[in-house]
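Some notes on the structure that comes next.
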Amino acid sequence: MSSLLNIYNMLLNYWGPQNWWPGETIDEICIGAILTQNTTWNNVERALQNLKSKHLLSISSIALAPEETIEECLKPAGTYRRKTQYLINFSQKIVSQLGKIEKLFLMEPNKARKWLLGLKGIGPETADSILCYGGNLPFLVIDAYTLRLGKRMGWLNSKTKSYENVQEILQRELPKDPQVLGEFHALIVKHSKEICRKRPRCNSCFMKDCCNAGKQNIY
DNA sequence: GGCCAGGACACCA
DNA sequence: TGGTGTCATGGC
């Protein structure tokens, strides 16, 4: 079985750098991380554009904005009522407790993660996205694609349970480098969307034991 | 018209 | 702890 680092290099060689996370500012990255929950990025971009057109694409401005205005902007992203609550609460907590988001990234990384997880609507995946892509901190984002690929390719077995458990197992074999960890997650998403989802039984995948694993029906 | 997406939460046993 | 329903728009 190839090492995780080999897998990373294979994916990077095949797909090239994914340049995640898209966004011009740290605020935009964090806002996008919340909006992308269970939604396609295409829909998130519409919501981000709506916010931008109303000059609300910053944490400080969202913290002061009327709820109805944010709701209207977020509609294209789905679950917009919840996301409005999450986003306003997140922004207000940043402003009132930290002043600005950059302060979060100066904290001890695990404390910063805990702080984020204490906020309503910020789960482990969103927190790690904010820390890795917004804060340039070495956290690997674990998502459904990662779990599926990991089980197919044997990095993970069916006993691996919690998010943190999976994250620890995978990060142990990867450099503690936010660039690598961020790129790895982006590549897994890219690969899963382009190959695994469109051709779940394909024979042409360049990674042995990925799509054509012939294993139990994990997909 | 049904299913799913770059999740998280509430509720239940 | 683990499983299930809910949120909600847009693309395929």
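Can you give the FRET efficiency for A:Thr69 and A:Asn13, using 1/(1 + (r/R0)^6), R0 = 45 Å, r = Cβ-Cβ distance, to the nearest 0.05?
On the way: r = 45 Å, r/R0 = 1.00.
Approximately 0.50, to the nearest 0.05.
When chain A is treated as a GNM with alpha-carbon contacts under 10 Å, the residue of A:Ala127, A:Ala186, A:Ala65 showing the greatest mean-square fluctuation is A:Ala65. Restriction of the GluC sites (Glu not before Pro) in the stretch A:1-66 to DSSP coil positions whose beta-carbon has at most 11 other beta-carbons within 10 angstrom yields A:Glu24. For the stretch A:177-187, putting each phi into the Karplus relation 6.51 cos²θ - 1.76 cosθ + 1.60 with θ = phi - 60° gives couplings of 10, x, 5, 5, 5, x, 5, 4, 4, 4, 5 Hz, in residue order, rounded to whole numbers and with x for Gly and Pro. Sequence-ordered 3J(HN,Hα) estimates for the stretch A:95-105 from the Karplus curve with 6.51, -1.76 and 1.60 and θ = phi - 60° stand at 5, 6, 9, 10, x, 8, 4, 4, 4, 4, 6 Hz, glycine and proline given as x.
Panel order for A:Cys196, A:Cys30, by other beta carbons found within 10 Å of each beta carbon, from fewest to most: A:Cys196, A:Cys30. Backbone geometry of the stretch A:154-166 corresponds, through the Karplus equation with coefficients 6.51, -1.76 and 1.60 at θ = phi - 60°, to 3J(HN,Hα) couplings of x, 6, 10, 10, 5, 7, 5, 10, 6, 4, 5, 4, 5 Hz, x marking Gly and Pro.
Calculate, for A:Glu194 and A:Asn110, the FRET efficiency according to 1/(1 + (r/R0)^6) with r their C-beta to C-beta distance and R0 30 Å; round to the nearest 0.05. So the FRET efficiency works out to roughly 0.35.
Relative to the longest principal axis of the Cα atoms of chain A, helix A:144-153 runs at roughly 10 degrees.
Taken together, the values in this text are just the output of simple stated rules run on the coordinates, not laboratory data. Keep in mind that what you see is a predicted model, and the values were worked out from it rather than measured. We place every Cβ from the backbone using ideal geometry, glycine too, and count neighbours over all the protein chains shown.
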